[in-house]
Amino acid sequence: MARINDNYLKLQAGYLFPEISRRVTEFTTANPAAKVIRLGIGDVTKPLVPAVLAAFHEGVDDMAKGESFHGYGPEQGYAWLSQVIVDKAYKPLGVTLKTSEVFISDGSKCDSSNILDIFDLSNKVAIGDPVYPVYNDTNVMVGRSGEANEQGYYEGLVYMPCTEENNFAPAFPTEKVDVIYLCSPNNPTGTVTSREQLKAWVDYALENDAVILFDAAYEAFITEENVPHSIYEIEGAKRCAIEFRSFSKTAGFTGVRCGLTVVPEELMGTTAKGEKYSFNKLWNRRQGTKFNGVSYPVQKAAAAVYSDEGWAQVKDVIDYYMDNARIIREGLTAAGIQCFGGVNAPYIWLRTPEGMTSWDFFDKLLNECHVVGTPGSGFGPSGEGYFRLSAFGDKEKVTEAVEKIKQKWGK
Ligand SMILES: *Cc1c(COP(=O)(O)O)cnc(C)c1O
């Protein structure tokens, strides 16, 4: 019989979202009249904007005619889309990229997992805590870790706690690491890495020959001036960082699927023999072999996100979500609940009142306010005592949820 990949057995059961569902179903069964407001999901709720839809339709119509039909496209994405990214997403930031450094994909969950293909298993990896679970679990799956301890930390991985005490800015690892995951604006904490902090990370990576995997899935939600949208705004970052971006949250592509990864040509690693080798070449080889590109209509739709009309429409949707974030933030603060994030990200990370655990607060919020959120402990041990509310939702419902929370906890 074929042997399985035993590393998968080390993973803790996908516990968080199934457990949330179970508790919500139990509540709604017992209270069929209650209107439950869901602020737990990390998924967009608004439809695609008109300019994007028009391009998407056009792409489909092209597929219907012999002269404009598209079969396999380049594995790296169409050059016209990469050019749009270079010109519209990066150039305005003062970042100069070549199209050969931009790889279009079906999303950054896949890319941030697949990227492990081009790193040796011996590399030491550092991740935040709390964290987007993909970074942790994919490293376990490829066999970079031992078992999890009772706290939930895997042997062999380095965790960087992000809590109120350090303003959700992780300290540099005390041991030598080779790969560092950073996510800004952050999921789940909704906080951002400042320009100074990001510069310190780039300097650290250059000094320690480490590679930063920078997840910028929420960069479009940044509202404050001077918060970096890309790690390449920092000098030297092209020599030490790979960046992931996604159309998912930016433009409502969670169900459409499109993202991109930037691997600068200057970024080098070392071979077993100690010689320098380009990560860009490796990723190009990896994608060419294991990936066959994103569908043509989807890439047409993605390019339309960066048209003048498309971007204006996309920005309106982002502003709508960010106004929800403001309503949640201000409402909770008025109720005396301490909260973080929600200024440059669609997530509010709150301190549970009265020292409740994350799950106790979940139950209380569900039972007494009929509001669903996400327990912080589900994102890592340092998330205990915190709770995530999402700004993706209908403004009326968000407002109603906040009013209920204020009635319950407000003085
Ligand atoms: C939603 C999200 C992504 C985007 O994933 P896609 O696969 O592009 O939909 C990436 N990183 C983080 C932290 C996210 O929350």
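The values are calculated or read from the model by the stated rules, or taken from the named source; none is laboratory data. As the structure is a prediction and not an experimental result, all values here were calculated from the model. Every residue, glycine among them, receives a Cβ derived from its backbone with ideal geometry; neighbour counts consider all protein chains shown.
Here are the numbers:
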{"quantity": "Selection from segment 30-56 of residues that are aliphatic (A, V, I, L, M) and part of a loop (DSSP other than H, G, I, E, B)", "calculated": "Ala33, Ala34, Val36, Leu39, Ile41, Val44, Leu48, Val49"}
{"quantity": "Flag for Leu260 being closer than 22 Å to Gly190 by Cα and at pLDDT 95 or above", "calculated": "yes"}
{"quantity": "Ser105 vs. criteria crowded, with 23+ Cβ neighbours inside 10 Å and either within 15 Å of the ligand (Cβ to nearest atom) or farther than 29 Å from Gly341 by Cα (or both)", "calculated": "yes"}
{"quantity": "Looking only at segment 159-194, and only at residues there that are of a type in the set (A, V, I, L, M, F, W, C) and over 18 Å from Gly378 (Cα atoms), the one that is surrounded by the fewest Cβ atoms within 10 Å (Cβ to Cβ)", "calculated": "Ala171"}
{"quantity": "Residue list for segment 378-402, filter: over 19 Å from Pro346 (Cα atoms) and assigned to a helix (DSSP H, G or I)", "calculated": "Pro381, Ser382"}
{"quantity": "Output for segment 70-127, where each listed residue is of a type in the set (S, T, N, Q) and farther than 30 Å from Met160 by Cα", "calculated": "Gln76, Ser82, Gln83, Thr96, Thr99, Ser100"}
{"quantity": "The one condition in (1) outside any helix (DSSP H, G or I); (2) within 30 Å of Tyr15 (Cα to Cα) that Gly336 fails to fulfil", "calculated": "(2)"}
{"quantity": "Test: residue in segment 40-50 that is over 29 Å from the mean Cα position of the chain (by Cα) and assigned by TED's automatic domain parsing to the domain that holds Ile328", "calculated": "no"}
{"quantity": "Residues (of a type in the set (A, V, I, L, M, F, W, C) and away from the ligand (no atom under 12 Å from the Cβ)) located in segment 116-144", "calculated": "Leu116, Ile118, Phe119, Leu121, Val125, Ala126, Val140, Met141, Val142"}
{"quantity": "Unique match (being acidic (Asp, Glu) and either touching a Ser or Thr at 6+ places or on another chain (Cβ under 8 Å) or closer than 30 Å to Phe69 by Cβ (or both)) among Glu58, Glu19, Glu26", "calculated": "Glu58"}
{"quantity": "Test: residue in segment 6-13 that is more than 16 Å from the ligand (Cβ to nearest atom) and over 22 Å from Lys109 (Cα atoms)", "calculated": "yes"}
{"quantity": "1 or more residues more than 15 Å from the ligand (Cβ to nearest atom) and surrounded by 16 or more Cβ atoms within 10 Å (Cβ to Cβ): qualifying helices (runs of 4 or more DSSP H) within segment 195-306", "calculated": "195-208, 279-290, 296-305"}
{"quantity": "Residue list for segment 72-102, filter: within 16 Å of the ligand (Cβ to nearest atom) and in a helix (DSSP H, G or I)", "calculated": "Leu81, Ile85, Ala89"}
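Per-residue answers, yes or no, for (1) outside the structural domain of Asn187 (by TED's automatic domain parsing); (2) touching a helix residue (DSSP H, G or I) at 6+ places or on another chain (Cβ under 9 Å); (3) closer than 19 Å to Phe221 by Cα; (4) among the aromatic types (Phe, Trp, Tyr):
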| residue | (1), (2), (3), (4) |
| --- | --- |
| Phe244 | no, yes, yes, yes |
| Val262 | no, yes, no, no |
| Thr271 | no, no, no, no |
| Tyr277 | no, no, no, yes |
| Lys281 | no, no, no, no |
| Gln287 | no, yes, no, no |
| Tyr296 | no, yes, no, yes |
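Conditions (1) touching a residue at least 60 places away in the same chain (Cβ under 8 Å); (2) closer than 28 Å to Pro92 by Cβ; (3) touching a His at 6+ places or on another chain (Cβ under 6 Å), marked per residue:
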{"residue": "Thr289", "(1), (2), (3)": "no, no, no"}
{"residue": "Asn292", "(1), (2), (3)": "yes, no, no"}
{"residue": "Val298", "(1), (2), (3)": "yes, yes, no"}
{"residue": "Ala302", "(1), (2), (3)": "yes, yes, no"}
{"residue": "Met322", "(1), (2), (3)": "yes, yes, no"}
{"residue": "Gly331", "(1), (2), (3)": "yes, no, no"}
{"residue": "Phe340", "(1), (2), (3)": "yes, no, no"}
{"residue": "Leu350", "(1), (2), (3)": "no, no, no"}
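Okay, residues lined up against (1) aliphatic (A, V, I, L, M); (2) over 26 Å from Ile104 (Cα atoms); (3) at pLDDT below 95; (4) not assigned by TED's automatic domain parsing to the domain that holds Gly255:
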| position | (1), (2), (3), (4) |
| --- | --- |
| Ala303 | yes, no, no, no |
| Ile318 | yes, no, no, yes |
| Met322 | yes, yes, no, yes |
| Ile337 | yes, yes, no, yes |
| Arg351 | no, yes, no, yes |
| Ser358 | no, yes, no, yes |
